[in-house]
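Each remark here refers to the structure printed beneath this line.
The values are calculated or read from the model by the stated rules, or taken from the named source; none is laboratory data. A quick note: this is a predicted structure, and the numbers were derived from the prediction, not measured. Positions of Cβ are backbone-derived with ideal geometry, glycine not excepted, and every protein chain shown enters the neighbour counts. All accessible areas refer to the heavy atoms of the entire protein, side chains included, with ligands and DNA or RNA removed. Shrake-Rupley method; radii C 1.70, N 1.55, O 1.52, S 1.80 Å.
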Amino acid sequence: MSLLFKERQHGAEQSKISAPQKVLMFFVDHLRQALASLGELWRTPAASLMTIGVLGLSITLPTTLYVLVKNTEQVSAGWEQAAEISLFLRRDVSQGDIQQMIKRVSLWPEVEKLVHIPADQALNEFKQLSGFGDALQYLDSNPLPEVILVTPTVKHAGPQSAARLLEKLRDEREVETGKLDIEWLTRLHGVLGLARELVLLIAILLFMAVVLIIGNTIRLNILNKRSEILVMKLVGATDAFIQRPFLYTGFWFGLTGGILAWFAVILITWWMGSSIANVTALYQKNFELTGLAGSELLTMLGLSIFLGLVGSVISVHRHVRDIEPS
């Protein structure tokens, strides 16, 4: 009520103050009501913390799934760039023809580099890695062909582009056959696409739940202050003035819920990072799980505040308008 009388007093004095002072008083009034709504939450800590906890957990789940999908895409991007096409050359091809082919294909815009593996080198590597070195010494001739490993550029490292490059390389007269294991890349792209759609679907459902939770909480606050709202309308308070504290309540719910979700994501990332490090160590790889970047954090907080405001606006416009003095 004191805020109402102060606003009426300010309204009476507006004709006596300058335009910059009016703008300053506008922001002062909003700041006062924002702090007053924060004080209302502070005076009911149990109910406020429960609502904030539900909002934070609802935002944490899609955010954590987003972080996992983002890290998976980073890993898969490295795999795609390392994809190689193996070309097995014909046995009647001379070393001169092989060198001419390497020079010719290396000029293609789709090719980043080529590595020639002679048949003798391939046989020696096979002897060392297979454990059948003694048995292979009884072979009359080298059964392995000359091999060229073709690494596509980043632009042509995707499954479809790499498949087209493979077909183009197979048309070379020196090539007997070519091989590219693109099935796992296609499956990986399919799984990542499904994961992105799943994250979006879960996020939409949970964000709708956040709006409903905040809307219901604001509705209960409005009903609890029905008598106060009636008195304020009797003395001439505008709907905008009455609605403003409830809108700021939705803002505080969204902001604190987003901050709670941020801390939860940091905790989950830290907890999962140690487990992932243990798994990657078995494969002699180093991988560090990355969390939310600065822009992603701001986006999450902005989205959380937006959801809080949407829930409060829906509830306030519906219920405050219905409360009228008889």
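Some notes on this structure:
- Qualifying positions in the stretch 204-234 - hydrophobic (A, V, I, L, M, F, W, C) and either within 12 Å of VAL320 (Cα to Cα) or at pLDDT below 85 (or both): ILE218, LEU220, ILE222, LEU223, ILE229, LEU230, VAL231, MET232, LEU234
- Checked against the criterion of being open to solvent by less than 60 Å² (accessible area, probe 1.4 Å), on the phi > 0 side of the Ramachandran plot and touching a residue at least 24 places away in the same chain (Cβ under 8 Å), the candidates GLY236, GLY254, GLY258 yield just one match: GLY236.
- Residues located in the stretch 70-92, provided they are open to solvent by 20 Å² or more (accessible area, probe 1.4 Å) and modelled with pLDDT of 80 or more: LYS70, SER86, PHE88, ARG90, ARG91, ASP92
- Which numbered condition LYS179 fails, given (1) open to solvent by 40 Å² or more (accessible area, probe 1.4 Å); (2) touching a Ser or Thr at 6+ places or on another chain (Cβ under 8 Å); (3) at pLDDT 85 or above; (4) closer than 30 Å to MET101 by Cβ: (3)
- Among the conditions (1) outside any loop (DSSP other than H, G, I, E, B); (2) under 19 Å from the mean Cα position of the chain (by Cα); (3) at pLDDT below 85; (4) loosely packed, with under 14 Cβ neighbours inside 10 Å, LEU267 misses just one, which is (3).
- When residues of the stretch 280-300 are limited to those that are hydrophobic (A, V, I, L, M, F, W, C) and open to solvent by less than 60 Å² (accessible area, probe 1.4 Å), the one modelled with the lowest pLDDT: LEU289
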